[in-house]
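The values are calculated or read from the model by the stated rules, or taken from the named source; none is laboratory data. Worth saying up front: this structure is predicted, and the values here are computed from it rather than measured. Here the Cβ positions follow ideal geometry from the backbone for every residue, glycine too, while neighbour counts run over all protein chains shown.
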């Protein structure tokens, strides 16, 4: 079976492949139904979980896909391939691996980064009792990135304003203002929400169940959209004291947004926070693997277009269909060479994580 066959064209296809691969491995699947939304084909939506290794293992690796919805094609393909290829049969003593398929099934199905409430889940894991973080820079750029039309006079003016902003402040500050997360405009980009989302609550329960008694856990969360084509950047997230451990496990090419070495902006409310809070007694080593697809401004423009489409446009139009294809292409490069790069890097870093946990 070819590597490419592990990847899918739709969420429904990916889920069917994942469930079949689990069944063929004799694995029990926990299926968490999202009753707040339906899929693009009217299908039910689920976050599915499968565990390999002993129930009593004190060291647990979580391998997750689809936190950012349509980015899930990438991580799902790696998860399915590892199951189909019979990997992870001989895990080290006291180590378990937990696959979490489609953390954001709505976004996966509808090919959106966000969930059913326009929430970016990697901005949603906050302590809401403490109040919401401010991002005054976002207020300055909101009207530029979400214009009243797409391709018309308002769009043209917005593009000019963006170039003026970048010329004045730099591309990095623009990326930070847009992508850092905001809690003021529910119809805007990188909206973190006003309360914990369904995926937030569900993921926390899963981590508590599978790592509630663990002494160590690791996270490998698959993403796409930043960096060179097919390159898998390992981004450490979490307590800065854990960065040397991540470098020991994965090598010197581990990056950190806080250290200024990553293609990712510094963001607040990422899923590792919820995972750590759900297994507070465990030492955590959390990383995202980020694969490149297209240049950053093309990816941002695809996300802008998608946001505009759902806020102000018409999905059932030629323009709507064109935008959806652009979004898909920004998330997922449907080419054999790209899938091969995703696969090889993916199984390599999962193996490194397992070995790192084993020696912890």
For the stretch 129-181, which residues satisfy the criterion of being outside any helix (DSSP H, G or I) and closer than 19 Å to residue 313 by Cβ? 146, 147, 148, 149, 150, 151, 152
Can you tell me which residues in the stretch 4-20 are surrounded by fewer than 22 Cβ atoms within 10 Å (Cβ to Cβ) and either in a helix (DSSP H, G or I) or in contact with a strand residue (DSSP E or B) (Cβ under 8 Å, 6 or more places away or on another chain) (or both)? 4, 5, 12, 13, 16, 19, 20
Check the stretch 288-307 and report whether any residue there is in a loop (DSSP other than H, G, I, E, B) and over 20 Å from the mean Cα position of the chain (by Cα). no
Going through the stretch 1-26 one residue at a time, which ones are in contact with a helix residue (DSSP H, G or I) (Cβ under 8 Å, 6 or more places away or on another chain) and more than 30 Å from residue 321 (Cβ to Cβ)? 1, 21, 22, 24, 25
What is the residue count in the stretch 41-59 for residues that are more than 19 Å from the chain's Cα centre (by Cα), under 28 Å from residue 124 (Cα atoms) and crowded, with 24+ Cβ neighbours inside 10 Å? 1
Can we say residue 241 is under 23 Å from residue 81 (Cβ atoms), outside the structural domain of residue 142 (by TED's automatic domain parsing), without any contact (Cβ under 8 Å) to a residue 24 or more places away in the chain and part of a helix (DSSP H, G or I)? no
Filtered residues of the stretch 32-55 (kept if farther than 17 Å from residue 96 by Cβ and part of a loop (DSSP other than H, G, I, E, B)): 34, 35, 36, 37, 38, 39, 40, 41, 42, 43, 44, 45
Among the residues of the stretch 90-105, is there at least one that is under 17 Å from residue 16 (Cα atoms) and assigned to a helix (DSSP H, G or I)? yes
Considering only the stretch 196-207, I want to know if a residue exists there that is closer than 15 Å to residue 144 by Cβ and in contact with a strand residue (DSSP E or B) (Cβ under 9 Å, 6 or more places away or on another chain). no
Quick check, is residue 320 at pLDDT below 95 and within 30 Å of residue 147 (Cβ to Cβ)? no
Does residue 193 meet the test of being surrounded by 15 or more Cβ atoms within 10 Å (Cβ to Cβ), touching a residue at least 40 places away in the same chain (Cβ under 8 Å) and closer than 19 Å to residue 225 by Cβ? no
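Residue-wise test of (1) free of Cβ contacts under 8 Å to residues at least 12 places away in the same chain; (2) more than 17 Å from residue 221 (Cβ to Cβ); (3) surrounded by fewer than 24 Cβ atoms within 10 Å (Cβ to Cβ).
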| site | (1), (2), (3) |
| --- | --- |
| 87 | no, yes, yes |
| 91 | no, yes, yes |
| 121 | no, no, no |
| 152 | yes, yes, yes |
Say whether the condition of being part of a helix (DSSP H, G or I) and modelled with pLDDT under 95 is met by at least one residue in the stretch 182-200. no
Is it the case that some residue within the stretch 60-75 is surrounded by fewer than 24 Cβ atoms within 10 Å (Cβ to Cβ), touching a strand residue (DSSP E or B) at 6+ places or on another chain (Cβ under 6 Å), part of a loop (DSSP other than H, G, I, E, B) and at pLDDT 95 or above? no
